[in-house]
Amino acid sequence: MRSEIPFIRPSFPAPAELALDFGEIVEANWYTNFGPKERRFSRALGDYLGSDVHVATFANGTLALIAAIRASIGTGGRDKYLLMPSFTFVAAAEAALWAGYRPWFIDIDHDTWQPSLSAARAALQSSRNDIAGIQLANIFGVGNLAIADWEQLAAEWGLPLVIDSAAGFGSEYATDARVGTRGHCEIFSFHATKPFAIGEGGALISRNPEIIEQANDFANFGFSKGRECVQLGMNAKMQELNAAIGLRQLVSFDQRLASRRAVFECYRAQLLGTELEFQPNAESSSLCFASVRCTSAEQKSSIMNSLFASQVQARDYYNPPQHLHPLFEANRELSRNTDLSTTLDLCSSIVSLPVHDHMDPGDLARVINAVRAGSR
Ligand SMILES: *Cc1c(COP(=O)(O)O)cnc(C)c1O
């Protein structure tokens, strides 16, 4: 019997390599609290992303996002809103709430699947004084081609711009412009299911060293230089072992990224002639998976059924979108939203296909055949 093709297949360093790393950690007798591996890993992340950026690591991406909001926008009293798309992972709104803000869900753009600039502008024109910042998301980790317009919008309205690029480590906005370097700051998740994975982990990147310093203090109980708590902090530090995994993952990352992009190009080439659409700029992203938009909800369910019958795991991210999670449906006062019809439309027509670092040609053909069969 052929085996099921998993939606995500993480690749991790070999146990023997990690045994060496763990030996060094034990030798140094330093397991967490900005140890030598964490220091090296955060420098290596900065080097990877380009000159002129500063990096803080975190225990996970959600904590990096909370720290990013607090360091760039400040701590709220739940009376103001952060503009964000509903079409993203629900950790986005949860992070805003933990940082003292309520999410204001805006729609996405039909063509790019990215947050709608005109929706943000309309919200600002009607309610600028209720809005404390913009929490952009690079949807599916794909670099937003209009990032400069978002920076301009934020500057025009005097608002901080925090970018959730959780799955987008390795993605590009454009040639030689890596995701991670824009806005007031950006965050990544290194969760086991992301293309760049260390188990649990995250990072905050900024060109402003003060944001990074503040975020590091936040991650360490709000301690300042001494062991005095000067702000409401958290324990959000990355462990040495996770940093060691990250250092190993970085070595092979570009090669794995190229391989993921080849999988995507294969999907694109083999699905030409169907009416399925891919997200613009996905080809230069880290490709946590490959999403296609179907022509209708019926076609979507036909493709999902066909994939299931072929033992291919698929998903339909982000369905439900944030505002339809019970937390927000049952507690209307927690959020606001403007028209979300494009979001609902995409949710009803999207299928996300597996992308692995190394995909067997037979597996790839099985996914493509199932999609083609279901799309007819
Ligand atoms: C994965 C993800 C997160 C959460 O990151 P964790 O490391 O799991 O906390 C937040 N936002 C988006 C868009 C994500 O994809």
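Quick note: the coordinates plus some simple rules give every number you see, no bench work behind them. Just so you know, these numbers come straight off a predicted model, no measurement behind them. Glycine gets a Cβ as well: all are built from the backbone with ideal geometry, and neighbour counts include every protein chain shown.
Of note:
- Theoretical FRET efficiency, 1/(1+(r/R0)^6), r = Cβ-Cβ of Asp130 and Leu327, R0 22 Å, to 0.05: 0.60
- Note on His110 and Glu17: with the Förster distance fixed at 51 Å, the Cβ-Cβ geometry gives a FRET efficiency of about 0.65.
- Pairwise label distance in nanometres, Glu228 with Ala258, each label 7 Å out on the Cα-Cβ vector: 5.4
- Of the beta bridges in the chain, as assigned by DSSP with both residues counted there, near 50 percent are antiparallel.
- Taking 0.36 nm per residue of sequence separation and removing the Cα-Cα distance, the Glu275/Ala146 pair yields an extension gain of 43.9 nm.
- In terms of its C-alpha gyration tensor, the chain has an oblate overall shape, because the principal axis ratio a/c (a ≥ b ≥ c, square roots of the eigenvalues) is not below 1.5 and a/b does not outweigh b/c.
- Estimated at 0.36 nm per residue, the fully extended path between Arg207 and Arg9 surpasses their Cα-Cα distance by 68.0 nm.
- Pairwise centroid distance, computed over Cα atoms, of segment 337-376 with segment 187-221, Å: 29
- Taking label points 7 Å from Cα along the Cα-to-Cβ direction, Asn235 and Ala365 give a separation of 5.3 nm.
- Cα gyration tensor category, rounded, prolate or oblate, for segment 151-282 with a/c compared to 1.5: oblate
- Only beta bridges with both residues in segment 117-265 are counted; by DSSP, about 50 percent of them are antiparallel.
- Placing a label point 7 Å from the Cα of Asn29 along the Cα-to-Cβ line, the residues of segment 229-245 whose backbone N sits under 19 Å from it are 240-241.
- Label point distance in nm, Ala122-Glu156, each placed 7 Å from Cα along Cα→Cβ: 1.5
- FRET E, pair Asp79, Ser348, Förster distance 35 Å, beta-carbon r, rounded to 0.05: 0.55
- Using the average count of surrounding beta-carbon atoms within 10 Å as a protection proxy, the listed peptides 7-19, 138-150, 170-182, 227-239 rank, highest first, as 138-150, 170-182, 227-239, 7-19.
- Those lysines that a straight Cα-Cα span of less than 21 Å connects to Lys237, excepting residues fewer than 8 apart in one chain: Lys37, Lys194, Lys225
- Rounded to the nearest 20, the size of the Cβ-charge dipole of the chain about its Cα centre is 340 debye, with Lys and Arg at +1 and Asp and Glu at -1.
- Global form of segment 49-166, assessed from the alpha-carbon gyration tensor, a/c cut-off 1.5: rounded
- Converting phi to 3J(HN,Hα) with the Karplus coefficients 6.51, -1.76 and 1.60 and the offset θ = phi - 60°, segment 78-89 yields 6, 9, 10, 10, 10, 6, 7, x, 6, 7, 7, 6 Hz in sequence order, with x at every glycine or proline.
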